[in-house]
Each structure stands twice: as structure tokens, then as C-alpha cells.
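Below: one structure, written as C-alpha cells.
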Amino acid sequence: MMTETEDRLIDAILGHVVFDGWSDTSFDAAVAETGVDPVVARGLFPRGARDLARAWHDRGDDRMVAAMEAADLSDLRYSEKVAQAVWLRIEAIDDKEALRRAMVQNVLPLNAPDGARMLWQTADRIWTLLGDSSDDYNWYTKRMTLSGVIGSTLLFWLGDDTPDASATRDFLDRRIENVMQFEKLKSRVTTGPLGRALNAPGSLLSMIRPPRPRDDLPGRSH
């Protein structure tokens, strides 16, 4: 749960990111604008703007979860629920240019792990929210494929100028359908002779388990 100070700093930096990116310049301007003690601000966000960008992402995930929990999804198919969660995550982005700046920054080698971790976290929160009970390698493959969907959809959305981003919604629906087809194919393979052999007791696949809550890995950390 975000504190009031964290929320204020996030809101403040968004007004500067459009000009100076997720940089020390933007961070210092946000601190000055909010009147937060610089020592306190650095204590909350040791890496400055990079950590504020991560907090902004986390806040968006929180808003997506809240919107999903408040929505009536009873008439939706499972694939539609996944698509709706991704769409609500997009709607939680309160500054398109700030996302553009963040994604450009995340392609840099030093920042790439952060970017991948944030996409994985969003995918994990969606699958967890929808009741995913995978306790083997499927836990990883589901999050890997959905992370790819989220990343590609965000990139598409950044360049989409159709009314109500209808082209992005169509793009997302196609990507989700790809994921569901992959899951069906994977299910057929794993229930066949080869799959049974790969999952036999003592095999490598049979020993793969999701990270525990105390592991320093994305997922199972909330």
C-alpha cells in the first residue's frame, strides 16, 4: 500500500518526466515541488527516478487489481477475463508519455532486468487474481507468455491513435487467443506419452516448482 508521501512524489514526477525522462533531474524537481525532505525521499527511493518508476508501475498494478475485484466478470470466459485484466492495466496508466519514456529507458542493458521484472510482476498478479493454481513449470510458462502479451500490447498502444484505442483492444484479443492456443497445445503434449515421460517422478520437469514467498524472485511476493 502506497503512503501519501510516495503517492505525492509519483504524481509530481510525472509532470517532469515528459521533459527530462526518468532522471535525477526529474526526481529532484519532484522532491522540491512536493516539499518532501530530500533525505526522506532518497530513503524511500534509493535509486531516485528508477525506483519512482517502479513505484508508479506497482501503483498501476494495484489499481488494476482493485478494478478487477470491483468488476462483474461472471459472464466472461476465462480468456476474456485475462484480456480484461490486461486492458484494465492499460487504463491504469495515467500518463502515456511517461510510459514511453520508461520503456525506452528499459531497453538499456543496465535497466532491462527492471523492465522484465515489472512485466513479470503484472503477469503474476493477473494469474494469481484469476485463481491460477499451477504448482509446477506451468507457473513459469503462463507468466512468461502473458508477460510477452503485456509488453507487445503496451508497445502497440503507444502508437495507437484509433478512437478509444479500439485497434489496441483488437490486438490484445488476438494475442490472448494465441496464449490460449498455446496452453491447449501444451496440455495435449503434457498428457501424451512424451509429456508423461518428461513429468515422470524424478525427471527435471517434475522438480520445477514456483518460487517461495521468501525467494527474491518476481511473483509470490505480495
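The values are calculated or read from the model by the stated rules, or taken from the named source; none is laboratory data. What you are looking at is a predicted structure, and each value in this text was computed from that prediction instead of being measured. Neighbour counts run over all protein chains shown; Cβ positions are idealised from the backbone, glycine included. Accessible surface is based on the protein model in full, side chains and every heavy atom, while ligands, DNA and RNA are left aside. Shrake-Rupley method; radii C 1.70, N 1.55, O 1.52, S 1.80 Å.
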- Note on the structure: segment 31-160 -> Rg/Rh from Cα coords, Kirkwood Rh, value 1.01
- Message: Once you place label points 7 Å from the Cα toward the Cβ at L129 and Q181, how far apart are they in nm?
- Response: 2.6
- Tell me, in nm to one decimal, what length is gained between F156 and S74 on full extension, where the rule is 0.36 nm per residue of separation less the Cα-Cα distance? 26.7 nm
- How many percent of the accessible area of segment 69-182 is carbon or sulfur, using a 1.4 Å probe? 56
- Taking R0 as 22 Å and r as the Cβ-Cβ distance between E33 and D7, the FRET efficiency 1/(1 + (r/R0)^6), rounded to the nearest 0.05, comes to 0.95
- Which value, in Å², gives the accessible area per residue of segment 57-120 when a 1.4 Å probe is used on the protein heavy atoms? 52
- Item | Rg/Rh for segment 1-94, where both radii come from Cα atoms and Rh is the Kirkwood radius | 1.11
- Percent carbon-and-sulfur accessible area, segment 1-46, ignoring ligands, DNA and RNA, probe 1.4 Å: 57
- Looking at segment 19-109, which trypsin sites (Lys or Arg not before Pro) are DSSP coil and have at most 11 other C-beta atoms within 10 Å of their C-beta? R77
